[in-house]
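S.K.: Below you will find the structure I want to go over with you.
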Amino acid sequence: MKTLIQNCLIDGALQFVLINNECLESVTPFPQEADRIIDLEGKMLIPGMIDLHTHIRDLQQAYKEDWHSASSAALAGGVTTIFDMPNTVPATDTLEHLMEKQHVAACSKVNYGMYGGATPHNLEDLEEMLDEGSISGIKVFLSASSSNEVVADENLLKQICALARKYDKPVLTHCELQDCITEHEKMYHGDAYNSVMYHGAIRNRVCAYKAVELMLRISSEVKNKLMILHVSTEEEMQLVKAYKQTADFPVYAEVTPHHLFLTEDVLKDAGNYGKVNPPLRMMKDTEALMNALLKGYIDTIGSDHAPHGLQEKQKPYREAPSGFPGLETSLPLLLSRHLQQKDIPLDTIIRLTSTNPSQIMQLEKRGKLLPGYYADFAVIDQHAEVVVSAEHFLTKAKYTPFEGFPLQGKVVTTFINGKEHHQKGKAIFHD
Ligand code: DOR
Ligand code: ZN
């Protein structure tokens, strides 16, 4: 079955994209023979987002999110592949738990991968999961954050890194040191501090910096692939930059759209909806991250899609869980920034959301618009003007600190392995 997509805007030129079953066959400025035709009428076509950082929940937390709702949200946000974090209930810390998760994930409408989660006592389980070949990396939390176990022992961290290296897989780290956070918590313990406005002081930037420093030191010894997740401060970025310039091991840096586009100021309106770990920081941090991104020091943008129940988020600050959904907002926020402010080039967005994530995870034939690659695309109506409105989200988590943000550009269709999925009321093709 061959499908010709005509009038696609790719790299600023109108092109014809030929899909042969699951894969892209050619991108040409002239038409090709096909069984059917889809007309994009000049809309943009880009490789779909490969999101290396999502929390899909399901299992005992299906009320927060499940694979059906998360993958529907992914389609709506132009995300064609999702990688799921292991801090689920049960956690993905044994082969048995991994298989349970694989079972519920089978209904996913988008491609997916999974990580194994390190605990203080599961090295052998991690090896079993790596051996079996179905985890894409090892996630390590250096501090508590939504139902996970903390690993802080330096020796154990070294062993985890060595294990990942043996299997040529990355270690993905949540870098905030728990002891450091606990120390800062003592300074803000009274009722007067039971407000999300203190979140950044408690989960202090120093704690993030120390954790990044520790992991970089360990990985420079072990020489494993290290991915520092959600870099949030200027100081972390400077350190990562310095290592990147000299390191003889692969060090990757991820940023999230919220650490790039929001400061803690938004908490005045968003309250706990903007409570996230690591916390939202200051203007000098968003500027440093943007600068680093434009200079090539950031490797990936991950959504850190972290859905929770609305009622949970409406609890007082200390009881409310951290995190908010991101699958439906990440790519639109980035594209809007490109279309409106024009400061992030489109090829940078594609590199950070698709090409690099594919390379880091060694995915075969994904992340580029090349012959033989899987036809995983996002189609964007670049003229549409929309406003972020959580009540219309397909994730179960219907809240966001980006509520009311005006955006230019809208994902209208997402192709997964050659098959198109239209967003509600936006049929744009004819046979
Ligand atoms: O805010 C966060 N939420 N940070 C994390 O590290 C975990 C995540 C979650 O799973 O809710
Ligand atoms: Zn996360």
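The values are calculated or read from the model by the stated rules, or taken from the named source; none is laboratory data. Since the structure is predicted, the reported quantities are computational estimates derived from the model, not experimental observations. Quick reminder, even Gly has a Cβ in these numbers, built from the backbone with ideal geometry, and neighbours come from all protein chains shown.
S.K.: Any idea which of GLU221, GLU213, GLU236 is of a type in the set (Asp, Glu), closer than 18 Å to VAL140 by Cα, part of a helix (DSSP H, G or I) and within 16 Å of ligand 1 (Cβ to nearest atom)? Break it down stepwise before answering.
M.R.: On the way: GLU221 fails: within 16 Å of ligand 1 (Cβ to nearest atom); GLU213 fails: within 16 Å of ligand 1 (Cβ to nearest atom).
Among GLU221, GLU213, GLU236, only GLU236 is of a type in the set (Asp, Glu), closer than 18 Å to VAL140 by Cα, part of a helix (DSSP H, G or I) and within 16 Å of ligand 1 (Cβ to nearest atom).
S.K.: Looking at the stretch 123-145 only, could you name the residues that are crowded, with 20+ Cβ neighbours inside 10 Å, out of contact with any Phe, Trp or Tyr (no Cβ under 7 Å at 6 or more places or on another chain) and either part of a loop (DSSP other than H, G, I, E, B) or not hydrophobic (A, V, I, L, M, F, W, C) (or both)? Spell out the reasoning first.
M.R.: So in the stretch 123-145, the residues crowded, with 20+ Cβ neighbours inside 10 Å come out as 125-126, 129-130, 135-143, 145.
Adding the requirement that they be out of contact with any Phe, Trp or Tyr (no Cβ under 7 Å at 6 or more places or on another chain) leaves 125-126, 129, 140-143, 145.
ASP125, LEU142, SER143, SER145 - these are the residues of the stretch 123-145 that are crowded, with 20+ Cβ neighbours inside 10 Å, out of contact with any Phe, Trp or Tyr (no Cβ under 7 Å at 6 or more places or on another chain) and either part of a loop (DSSP other than H, G, I, E, B) or not hydrophobic (A, V, I, L, M, F, W, C) (or both).
S.K.: Kindly evaluate THR94 against the criterion of being buried (at least 19 other Cβ atoms within 10 Å of the Cβ), more than 29 Å from ASP376 (Cβ to Cβ), among the β-branched types (Val, Ile, Thr) and more than 15 Å from ligand 2 (Cβ to nearest atom).
M.R.: For THR94, the condition - buried (at least 19 other Cβ atoms within 10 Å of the Cβ), more than 29 Å from ASP376 (Cβ to Cβ), among the β-branched types (Val, Ile, Thr) and more than 15 Å from ligand 2 (Cβ to nearest atom) - is met.
Quick grid of which residues meet (1) more than 26 Å from LEU331 (Cβ to Cβ); (2) out of contact with any Gly (no Cβ under 7 Å at 6 or more places or on another chain); (3) among the aromatic types (Phe, Trp, Tyr); (4) away from ligand 1 (no atom under 16 Å from the Cβ):
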| position | (1), (2), (3), (4) |
| --- | --- |
| ASP191 | yes, yes, no, yes |
| GLY200 | yes, yes, no, no |
| ILE228 | no, yes, no, no |
| ALA270 | no, yes, no, no |
| LYS275 | no, yes, no, no |
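S.K.: Tell me whether the stretch 306-316 contains one or more residues that are away from ligand 2 (no atom under 16 Å from the Cβ), closer than 30 Å to ARG217 by Cβ, without any contact (Cβ under 8 Å) to a residue 24 or more places away in the chain and not basic (Lys, Arg).
M.R.: No, that holds for no residue.
S.K.: Name every residue in the stretch 246-257 that is in a helix (DSSP H, G or I) and either within 26 Å of PRO279 (Cα to Cα) or touching a Phe, Trp or Tyr at 6+ places or on another chain (Cβ under 9 Å) (or both), in order of residue number. Working first, answer last.
M.R.: Narrowing the stretch 246-257 to residues in a helix (DSSP H, G or I): 246, 257.
Across the stretch 246-257, the qualifying residue is only PRO257.
S.K.: For TYR374, state whether it is in contact with a helix residue (DSSP H, G or I) (Cβ under 9 Å, 6 or more places away or on another chain) and of a type in the set (Ser, Thr, Tyr).
M.R.: So TYR374 does not fit the description; no.
S.K.: If the requirement is being farther than 27 Å from GLN340 by Cα and either buried (at least 17 other Cβ atoms within 10 Å of the Cβ) or touching a helix residue (DSSP H, G or I) at 6+ places or on another chain (Cβ under 6 Å) (or both), which of these qualifies: TYR297, TYR273, TYR252?
M.R.: Only one candidate qualifies: TYR252.
S.K.: Of VAL386, VAL379, which residue is more than 16 Å from ligand 2 (Cβ to nearest atom), more than 26 Å from VAL251 (Cα to Cα) and crowded, with 20+ Cβ neighbours inside 10 Å?
M.R.: Exactly one of VAL386, VAL379 is more than 16 Å from ligand 2 (Cβ to nearest atom), more than 26 Å from VAL251 (Cα to Cα) and crowded, with 20+ Cβ neighbours inside 10 Å, namely VAL379.
S.K.: Considering only the stretch 78-104, how many residues are closer than 21 Å to ILE416 by Cα and touching a strand residue (DSSP E or B) at 6+ places or on another chain (Cβ under 6 Å)?
M.R.: Let us first name the residues in the stretch 78-104 that are closer than 21 Å to ILE416 by Cα, namely 78-84, 102-104.
Remaining after also requiring touching a strand residue (DSSP E or B) at 6+ places or on another chain (Cβ under 6 Å): 78-84, 104.
The total comes to 8.
S.K.: Something else now. Which residue is nearest to SER389 (Cα to Cα), if the candidates are limited to the stretch 26-40 and must be of a type in the set (D, E, K, R) and part of a strand (DSSP E or B)?
M.R.: ASP39
S.K.: If SER145 satisfies every condition in (1) among the small types (Gly, Ala, Ser); (2) at pLDDT below 95; (3) more than 24 Å from ALA74 (Cβ to Cβ) but one, which is the exception?
M.R.: All conditions pass for SER145, except number (3).
S.K.: Could you go through the stretch 189-202 and let me know if any residue there is closer than 27 Å to ASP299 by Cβ and among the acidic types (Asp, Glu).
M.R.: Scanning the stretch 189-202 turns up no residue that is closer than 27 Å to ASP299 by Cβ and among the acidic types (Asp, Glu).
S.K.: While we're on this one: Just to confirm my filter: which helices (runs of 4 or more DSSP H) fall fully inside the stretch 284-351 and include at least 2 residues that are in contact with a Ser or Thr (Cβ under 9 Å, 6 or more places away or on another chain)?
M.R.: Working: elements: 310-313, 330-340, 346-350.
Passing ranges, in order: 330-340.
S.K.: Would you pick out the residues in the stretch 227-256 that are within 16 Å of ligand 2 (Cβ to nearest atom) and of a type outside the set (Ser, Thr, Tyr)?
M.R.: Of everything in the stretch 227-256, those that are within 16 Å of ligand 2 (Cβ to nearest atom) and of a type outside the set (Ser, Thr, Tyr) turn out to be MET227, ILE228, LEU229, HIS230, VAL231, GLU236, ALA253, GLU254, VAL255.
S.K.: Considering only the stretch 369-387, state which residues are farther than 23 Å from ILE135 by Cα and in a loop (DSSP other than H, G, I, E, B).
M.R.: LEU369, LEU370, PRO371, GLY372, ALA375
So that you can scan it fast, the table gives a plain yes or no per residue for (1) surrounded by fewer than 19 Cβ atoms within 10 Å (Cβ to Cβ); (2) more than 18 Å from PHE83 (Cβ to Cβ):
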{"position": "PRO321", "(1), (2)": "no, yes"}
{"position": "LEU331", "(1), (2)": "no, no"}
{"position": "PRO345", "(1), (2)": "yes, yes"}
{"position": "THR348", "(1), (2)": "yes, yes"}
{"position": "PRO371", "(1), (2)": "yes, yes"}
{"position": "LYS398", "(1), (2)": "yes, yes"}
{"position": "LYS410", "(1), (2)": "no, yes"}
{"position": "PHE415", "(1), (2)": "no, yes"}
